[in-house]
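Structure, as structure tokens:
The values are calculated or read from the model by the stated rules, or taken from the named source; none is laboratory data. A quick note: this is a predicted structure, and the numbers were derived from the prediction, not measured. Virtual Cβ from ideal backbone geometry, glycine too; neighbours counted across all protein chains shown.
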Amino acid sequence: MSEFQTIKYSVANRVATIRLNRPEAMNAISQKMRLELKQAIDTAEASDDVRVVIISAEGRGFCSGTDLSEGLAGFKTIDAQIQQEYMPVLMGIHDASKLYIASVHGACAGIGAALAMTCDLAVMADDAFLYLAFAGLSLVPDGGMSYHLVNALGYKKAMQLFAEAGRLPALECEKYGLVNKVVAPADLASETRAWAQTLAEGAPIAQRFGKQIMRAVHDSSYREIAAKESGLQNSCMISEDCQSAIKAFFQKQKPVFRGV
């Protein structure tokens, strides 16, 4: 278990869980939480005992967004705060060699929604929703939310959701590919854990390189992606994991991946 103040961090069976833990504030992301999230992400990335990371939350909702009661928390501008404290968290997930699964219940609002959407995969309770409150506060989306929403929904639907400060229910999130699975609220934790456990038994080298390739698709041409695939496929093929998995395939056995 962790010694953090605003999150909980634990590892079991190669799955790390980072739980937002400010339920009294609907897990509003304070400066302390931003710093602790970055520390937890760095810890998971450096750990050979971790292959998959779950981000979930305590209390009645996933996250209400930034803790507005702190103001700029010592920064001169919101831009400086986002660049120096939020982006290291979000890019830490984006660039991680491990797979991240968001486990979302209740309201998932503001930059908390950006945190969930930045994860590689997501499971959502069927009564949960994304809430774009920004326009209601005369703000624009931040944390890369515009990128995720336009890519998933298209410009017009994304603009409508923003301009109306709207909510996107779980089933709509699944329809547009913002989440992978929608489950009953009572099953959210167990379903997420079971999926993470299955992924943690998979091939970590292939998962790491596959994430690199797919994260690069929107910024690359077909030829560039094909070349990237080819180069990383070479690295996969010479790994012990690949060689042992091929052997297990012919022997009709389940492969065991060691990450080497």
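Tell me which residues, restricted to region 152-169, are of a type in the set (D, E, K, R) and either farther than 21 Å from GLY110 by Cβ or touching a residue at least 40 places away in the same chain (Cβ under 8 Å) (or both).
LYS156
Looking at region 195-247, which of the residues that are exposed (fewer than 13 other Cβ atoms within 10 Å of the Cβ) and outside any helix (DSSP H, G or I) is nearest to the chain's Cα centre (by Cα)?
Across region 195-247, the extreme among qualifying residues is SER221.
Restricting attention to region 12-30, and to residues there that are in contact with an Asp or Glu (Cβ under 7 Å, 6 or more places away or on another chain) and surrounded by fewer than 18 Cβ atoms within 10 Å (Cβ to Cβ), which single residue is nearest to THR66 (Cα to Cα)?
Here the answer is ALA25.
GLU172 is checked against (1) in contact with a Phe, Trp or Tyr (Cβ under 9 Å, 6 or more places away or on another chain); (2) touching a residue at least 12 places away in the same chain (Cβ under 8 Å); (3) assigned by TED's automatic domain parsing to the domain that holds SER56; (4) not small (Gly, Ala, Ser) and fails just one. What number does that condition carry?
Going through (1) in contact with a Phe, Trp or Tyr (Cβ under 9 Å, 6 or more places away or on another chain); (2) touching a residue at least 12 places away in the same chain (Cβ under 8 Å); (3) assigned by TED's automatic domain parsing to the domain that holds SER56; (4) not small (Gly, Ala, Ser) one by one, GLU172 breaks only (2).
Filter region 89-99 for residues that are under 13 Å from LEU37 (Cα atoms) and in contact with a Leu (Cβ under 9 Å, 6 or more places away or on another chain); which is surrounded by the most Cβ atoms within 10 Å (Cβ to Cβ)?
Within region 89-99, the match that is surrounded by the most Cβ atoms within 10 Å (Cβ to Cβ) is VAL89.
Please work out which residue is nearest to PHE129 (Cα to Cα), limiting yourself to region 57-72 and to residues that are touching a helix residue (DSSP H, G or I) at 6+ places or on another chain (Cβ under 7 Å) and among the small types (Gly, Ala, Ser).
Result: SER64.
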